[in-house]
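Accompanying notes for the structure given below.
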Amino acid sequence: MLSYILRRLAWTFVLLALVSAVTFAVFYLLPSTDPAVARAGRQPTPELIEQIRATLGLDRPIYVQYAKYMEDVFLHFDFGYSFDTGQDVREMIVTRLPATISLTVGAVVVWMAIAMPIGMISAIKRGSALDRLTMTGALLAISAPVYWLGLISLYLFSRDIGAVPIFAGNGTYQPLTQDPLAWLDSLLLPWLVLAAGFAAFYARMLRSNLVEVMSEDYIRTARAKGLSERRVLWRHGARGAITPVVTVLGLDIGILLGGSILTETVFSIPGVGLYAYEAIQSADLPVIQGTVLFAAFFIVVMNLLVDIAYAFLDPRVRVS
Amino acid sequence: MTDSSPTTDRRRRGTRVAALACAGALALALAACGSGDNDDDNGGDGAGTPVGSPTTSEGYSAGLPSDAQKKGGTLKLLSAEAFQHLDPGQAYFQLDYMFVFAVHRALYYYEPSDSEEPIPDLAAGEPDISSDGRTVTVKLKPGIKYGTVDKNAAINGKEVTAADIKYAFERALNPSVPNGYFAAYFTSIAGSDKAKGGNISGITTPDEHTVQFKLDEPTGATLAKALVMPIAIPVPKSYAAQFDAKQPNPYETDPEKQAFSGPYMVQDYQPGKSMTMVRNPNWVAGTDSRPAHLDRIEWVLNADPNVAGRQIFNGTGLANGDPLTPATVRRFARQAKDRISFSPLGNRWVPLNTQKKPFSDINVRKAVLAATDRRAMQLTRGGALTGDIATHFLPPGIPGHEQAGGAAGSGVDYLAKPSGDPALAAEYMKKAGFASGRYEGDPIRMVSSNDSPAKETALVVRRSLQSLGFEVSQRSVDQSTFYDMCNDIAQQRNIDVCTNFGWLPDFFDGLAMLNANFNGASLSRVNQNPALLDDPQINQAMDDAAQIADPDKRAEAWANVDRMIVEHAAALPWLWDKQANVVSKNVHGVIAKWNATWDLSYMSLK
């Protein structure tokens, strides 16, 4: 197992290098704003543009820029400075990470708390009115874009502009360490909004998995052995149905930790996603690179953790 | 420049032109509420200080100060954008200017009620321009002090001196303080061509309160006008040199470290998130005309613009930090007229490539100007409240506007009908050698932004061109790419039409409005002259006008330049923009007309 984990970790670095290479290539090969020109003001001299180009290190060959960047990232954990603001990218990402983690963890808790019971009840009561109702609701939630849902929820339920003022509104985020209650208050609505689509998706997935598992031979065998339906469901059915959910969950958490751009934008939560969004708007390559690498890192790591968790959840994987 | 919406355009352009770009957000929204109003929104006559909250004759807020404003309280600004540059040596953007002029003082300053004539701020009086126009001398008021957040900083409480002004100019040529407009207005300072952040021999300080600019050219009048720009904000060398030696420059990245001479200072700055400004205890109120009513100003950056508009509408103590969404403008214009103000904001035009066929032929250009439906173009941006249909290039408020014909224009026939004149256009095409009155040649290349409402405006232009027989090969790109293409000389040469260009003046003067856009001397690698206009007579007229100190003669000279450009039909002027700004019900908003947005030093709570 240890050698497997080490192998996977080594591949993680290779993958991150590939991701950064692709980001670099996209930035240089596709039409994009010249950062030096963008920073030079509207009446620049050619000298000023070259001056800025040199300052930003853009006057060096692309492969040199890339090699230097990789050296800084992997040897010094240095992501460079923002072309736009001059801020240290690593510091900025680290500063914004708690907001993104807060949003992600809370949303995961909310959507799993909603999806698990709904998915299981729908599977058990398949074809019932309750099943139809919850699955229709799930379909609607999946169909609602998070940006739209966020705006509508703010217009309906935020305390400053909502018709039914219940939750804290846009731009109210407070760090957990500063004011735990305000943190909780500010994130309740974003959690619900972000979780809505995921909860619906997971409920549907869990339902279909459980329906499939409950028709397996080993479930019939368990029933034939005289086990109670409750024991069959929890001991054998749920365990088998939840394994694929763990895979997807791990990847989703990884993706969200890389930044929930839409949710962070609509609620003005100063997380990594909003930071990435700002960087994309201004062709700020070091920030784009940094946020993409962080996102890729989380996805790869979560993927690894999922694979390890699999081994514990499913004995067949362990054996293979 | 092109249009944009705050929701889609947050690019850091490093230019004030971006402010005009963002004003595109008003578009589409206002046709419904504008109803063709002739919203001459200046309200009062600009003289004196009215009592109460002044409104225009249409009921909109005039954005003027009043005697009834109260002291104290906190104002929160909601901005969809973040700052571009916070170092006064680099600031060159509407949002940055709001900040910079609240925490610093420049040599000269525009009062909210009058943008044509700046008043002395750090300066003790008008700039003294020598008779040959080659020397400009400015005396400083004594007793103005710096304040710093770090009370132990050596500069805290020290007096502003002429040497600090000299250093402010010198550091603008330092690679760690890349200034975007020095080349446009200050290269005539002797010795500046060789400076790289060190001494500029042409700037001297005969005594602690006198700074003198010696110029290689007789352009003292232009330099004097440009002393309202933030480059004329003092930066003490003894304190800032340590920062300027670093890259990135902490004077830019950590604005809490700046030496503040204005009424406020930065207490806290979270890049991309927020900024908190508090009173500067060392601000010497007696030397400043600004009242600085507020105790505290908080900025929320990267706020969702749709939500921010509603928050301002419903909430208290709030104002917009940058241009608004159409929905917000519509809501305020319909339901809270006394809380929305409109301010003139530069112009828009469609440049035609004067150096490439078919538009190298003046008659073809005149035909395009005659054929284009400017009223339809205005409607794509939202109608009359977003701006008036332009008839020439100097917009209202800029000296020379009236002399160039005012709203009616100079009287050329090809701009006489705002909705277009197909018959006249056909006549000009015939004069250009197209007997049918329609173009018969290769397709032309047009570049436009794909943001709304720029893309809608581009459609009108395209339709007009097609009505003249042009086959239009249109490339619709994102706003950043649009800039890159239409400002890059290599690409400009292959483009026939760049739609949705526009300009916001750096200061209220004809030169700041016309020189960069139409002087052939500006045609460097990256330039703002997409028409590639390089007419010796126009160039000479601009160079001559730049040397005139007398305000009336100068205005007349730039009006003449304006008329020449119109007669040259180098571009289609189609809109004189206005920007909307809104406040919560308990906020008294005061507009800095020169920046078309709030003057924070005059804002207050009610």
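The values are calculated or read from the model by the stated rules, or taken from the named source; none is laboratory data. None of these values were measured; they are calculated from a predicted model. Positions of Cβ are generated from backbone atoms using ideal geometry, with glycine treated the same way; all protein chains shown enter the neighbour counts. Side chains are part of the model used for accessible areas, which takes the heavy atoms of the whole protein and leaves out ligands, DNA and RNA. Shrake-Rupley method; radii C 1.70, N 1.55, O 1.52, S 1.80 Å.
Please indicate, with yes or no, whether at least one residue in the range B:194-204 is of a type in the set (S, T, Y), open to solvent by 10 Å² or more (accessible area, probe 1.4 Å) and within 26 Å of B:D543 (Cα to Cα).
So far as the range B:194-204 goes, yes, one or more of its residues are of a type in the set (S, T, Y), open to solvent by 10 Å² or more (accessible area, probe 1.4 Å) and within 26 Å of B:D543 (Cα to Cα).
Can you spot a residue in the range B:426-435 that is open to solvent by 40 Å² or more (accessible area, probe 1.4 Å) and touching a Ser or Thr at 6+ places or on another chain (Cβ under 7 Å)?
no
Quick grid of which residues meet (1) open to solvent by less than 40 Å² (accessible area, probe 1.4 Å); (2) modelled with pLDDT under 90; (3) over 22 Å from A:E91 (Cα atoms):
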{"residue": "A:R220", "(1), (2), (3)": "no, no, yes"}
{"residue": "A:V232", "(1), (2), (3)": "yes, no, yes"}
{"residue": "A:L249", "(1), (2), (3)": "yes, no, yes"}
{"residue": "A:I261", "(1), (2), (3)": "no, no, no"}
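What are the residues in the range B:234-285 that are under 23 Å from B:S79 (Cβ atoms), in contact (Cβ under 8 Å) with a residue 40 or more places away in the chain and charged (D, E, K, R), if any?
Within the range B:234-285, B:E252, B:E256, B:K257 qualify.
Of all the residues that make up the range A:47-71, how many are over 30 Å from the mean Cα position of the chain (by Cα), more than 10 Å from every other protein chain (Cβ to nearest Cβ) and crowded, with 16+ Cβ neighbours inside 10 Å?
2
Go through the range A:90-107 and count every residue that is within 19 Å of the chain's Cα centre (by Cα) and open to solvent by 20 Å² or more (accessible area, probe 1.4 Å).
At the first step, the residues of the range A:90-107 found to be within 19 Å of the chain's Cα centre (by Cα) are A:90, A:92-107.
Checking which are open to solvent by 20 Å² or more (accessible area, probe 1.4 Å) leaves us with A:90, A:94-95, A:97-98, A:101, A:105.
Looking only at that region, the number is 7.
Would a scan of the range B:580-594 turn up a residue that is in contact (Cβ under 8 Å) with a residue 24 or more places away in the chain and surrounded by fewer than 19 Cβ atoms within 10 Å (Cβ to Cβ)?
yes
Could you check B:F482 against (1) at negative phi; (2) open to solvent by less than 10 Å² (accessible area, probe 1.4 Å); (3) not in a helix (DSSP H, G or I) and say which number it fails?
Result: B:F482 passes all but (3).
Looking at (1) in a loop (DSSP other than H, G, I, E, B); (2) open to solvent by less than 10 Å² (accessible area, probe 1.4 Å), find the lone condition where B:F169 falls short.
Going through the list (1) in a loop (DSSP other than H, G, I, E, B); (2) open to solvent by less than 10 Å² (accessible area, probe 1.4 Å), B:F169 breaks only (1).
Here is a list: A:F79, A:F74. Which entry is away from every other protein chain (no Cβ under 13 Å), touching a Pro at 6+ places or on another chain (Cβ under 7 Å) and surrounded by 13 or more Cβ atoms within 10 Å (Cβ to Cβ)?
Only one candidate qualifies: A:F79.
Which numbered condition in (1) closer than 30 Å to B:A80 by Cα; (2) touching a residue at least 24 places away in the same chain (Cβ under 8 Å); (3) assigned to a strand (DSSP E or B); (4) not aromatic (F, W, Y) is the only one that B:V211 fails?
Only one criterion is unmet by B:V211, namely (1).
Residues of the range A:255-276 being facing chain B (nearest Cβ under 10 Å) and of a type in the set (S, T, N, Q), which ones?
Listed by number, the residues that qualify are A:T265, A:S268.
Restricting to the range B:487-501, and then to whatever is under 18 Å from the mean Cα position of the chain (by Cα) and closer than 21 Å to B:D535 by Cβ, can you tell me which residue is surrounded by the fewest Cβ atoms within 10 Å (Cβ to Cβ)?
Here the answer is B:N487.
Of the residues A:R223, A:R230, A:R235, only one is over 30 Å from A:D185 (Cα atoms), away from every other protein chain (no Cβ under 14 Å), out of contact with any helix residue (DSSP H, G or I) (no Cβ under 9 Å at 6 or more places or on another chain) and part of a helix (DSSP H, G or I); which? Let's see the steps before the verdict.
Working: A:R223 fails: out of contact with any helix residue (DSSP H, G or I) (no Cβ under 9 Å at 6 or more places or on another chain); A:R235 fails: out of contact with any helix residue (DSSP H, G or I) (no Cβ under 9 Å at 6 or more places or on another chain).
Result of the check over A:R223, A:R230, A:R235: A:R230.
Those residues that are within 30 Å of B:V477 (Cβ to Cβ), open to solvent by 50 Å² or more (accessible area, probe 1.4 Å) and in contact with a helix residue (DSSP H, G or I) (Cβ under 6 Å, 6 or more places away or on another chain), I need them from the range A:6-35; list them, please.
Once the filter is applied, which keeps residues that are within 30 Å of B:V477 (Cβ to Cβ), open to solvent by 50 Å² or more (accessible area, probe 1.4 Å) and in contact with a helix residue (DSSP H, G or I) (Cβ under 6 Å, 6 or more places away or on another chain), the range A:6-35 yields A:Y28, A:P31.
Looking at (1) within 17 Å of B:T210 (Cα to Cα); (2) without any contact (Cβ under 8 Å) to a residue 40 or more places away in the chain, find the lone condition where B:N152 falls short.
Of everything listed in (1) within 17 Å of B:T210 (Cα to Cα); (2) without any contact (Cβ under 8 Å) to a residue 40 or more places away in the chain, B:N152 misses just condition (1).
So is B:Y439 of a type in the set (F, W, Y), within 13 Å of another protein chain (Cβ to nearest Cβ) and touching a residue at least 12 places away in the same chain (Cβ under 8 Å) or not?
On the way: of a type in the set (F, W, Y): yes; within 13 Å of another protein chain (Cβ to nearest Cβ): no; touching a residue at least 12 places away in the same chain (Cβ under 8 Å): yes.
No, not satisfied.
Among the residues of the range B:294-353 satisfying the criterion of being of a type in the set (D, E, K, R) and either under 30 Å from B:I495 (Cα atoms) or away from every other protein chain (no Cβ under 14 Å) (or both), which is least open to solvent (accessible area, probe 1.4 Å)?
This residue is B:R348.
From B:S524, B:S601, grab the single residue that is open to solvent by 10 Å² or more (accessible area, probe 1.4 Å) and in a loop (DSSP other than H, G, I, E, B).
Details: B:S601 fails: open to solvent by 10 Å² or more (accessible area, probe 1.4 Å).
Among B:S524, B:S601, only B:S524 is open to solvent by 10 Å² or more (accessible area, probe 1.4 Å) and in a loop (DSSP other than H, G, I, E, B).
Go through (1) in contact with a Phe, Trp or Tyr (Cβ under 8 Å, 6 or more places away or on another chain); (2) small (G, A, S); (3) modelled with pLDDT of 50 or more; (4) within 30 Å of B:S476 (Cβ to Cβ) one by one and return the number of the condition B:A102 breaks.
(4)
Which members of the range B:222-274 meet the condition of being of a type in the set (V, I, T) and either within 13 Å of chain A (Cβ to nearest Cβ) or in a loop (DSSP other than H, G, I, E, B) (or both)?
Applying the first criterion (of a type in the set (V, I, T)) to the range B:222-274 yields B:222, B:228, B:231, B:233, B:235, B:253, B:266.
B:I231, B:I233, B:V235, B:T253 - these are the residues of the range B:222-274 that are of a type in the set (V, I, T) and either within 13 Å of chain A (Cβ to nearest Cβ) or in a loop (DSSP other than H, G, I, E, B) (or both).
With the requirement that a residue be part of a helix (DSSP H, G or I) and open to solvent by 60 Å² or more (accessible area, probe 1.4 Å), what does the range A:158-209 give you? Write out each step before concluding.
If we filter the range A:158-209 for residues that are part of a helix (DSSP H, G or I), which is where we start, we get A:180-209.
Hits for the range A:158-209 are A:P180, A:L181, A:L184, A:L188, A:L192, A:F201, A:R204.
Might you check whether a residue that is assigned to a helix (DSSP H, G or I) and more than 27 Å from B:G202 (Cα to Cα) occurs anywhere in the range B:100-121?
First pass over the range B:100-121, keeping only residues assigned to a helix (DSSP H, G or I): B:100-103.
In the following step, the residues that additionally are more than 27 Å from B:G202 (Cα to Cα) were identified as B:102-103.
Yes, the range B:100-121 contains at least one residue that is assigned to a helix (DSSP H, G or I) and more than 27 Å from B:G202 (Cα to Cα).
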